[in-house]
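Step one of this worksheet: look at the structure below.
The values are calculated or read from the model by the stated rules, or taken from the named source; none is laboratory data. If you're wondering where the values come from, they're calculated on a predicted model, not measured in any experiment. Heads up, the Cβs are rebuilt from the backbone with ideal geometry, glycines too, and the neighbour counts pull from every protein chain shown. Ligands, DNA and RNA are stripped out before the accessible areas are found, and what is left, the full protein with its side chains, is counted by its heavy atoms. Shrake-Rupley method; radii C 1.70, N 1.55, O 1.52, S 1.80 Å.
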Amino acid sequence: MAAAPLALAAALLLSPQGAPPAHAAAGAEPVTLGPSGLPLPRFVSLKASKVNLRIGPGLNYSVDWMYLKSGLPMEIVQEYDTWRRVRDAEGAEGWINQSLLSGKRTALAAPWQQGKQIEIPLLAKPQEDARVVAKLQPGVMGTVKACDGKWCRMSFAGYDGWIEQSLVWGVYPGETVED
């Protein structure tokens, strides 16, 4: 992977992906619990502003990637001891120590649309004809406040509003998230 997306991550953007992640189109999957007792897969975020993604679960494994933006959403897909195998919005996978991950939910606005001339509406209410609070660029990161399975209440750089759940990476289709 090139280092360019790391610089852009500091600006809250990711490289183009071209299409929504595979799980965005899939229906709800059965819940599997990992050794921690928490569900797999699940979304978390990066706790630190500098996090190494390793090729294996331990400090003796080489660093494959370095993330330079705290809060970026990650999907945990596997657990081993204190290590978590994660996937980012671009599909890159590797291992991060659990101490560098947070349960705080964040999400990216349609990162698969990055590079296209579109704007994603952040709405005042969870309905398609609501007033537009802000127009988001694809890939911008926000904090998830709540989701009802169709809409998510989120905050993007001080703008609070609602976005269609299908337009975010960091929340599963149909998933509910409480305040």
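Which condition from (1) buried (at least 16 other Cβ atoms within 10 Å of the Cβ); (2) at pLDDT 95 or above is the one that Trp65 breaks?
Unmet condition: (2).
With Ser45, Ser49 as the choices, which residue is buried (at least 19 other Cβ atoms within 10 Å of the Cβ) and among the polar types (S, T, N, Q)?
It is Ser45.
What are the pairs, 6+ residues apart or on separate chains, where a residue within segment 116-136 that is open to solvent by 70 Å² or more (accessible area, probe 1.4 Å) has its Cβ under 6 Å from a residue that is in a loop (DSSP other than H, G, I, E, B)?
Filtered contacts from segment 116-136: Arg131/Ala124; Lys135/Glu119.
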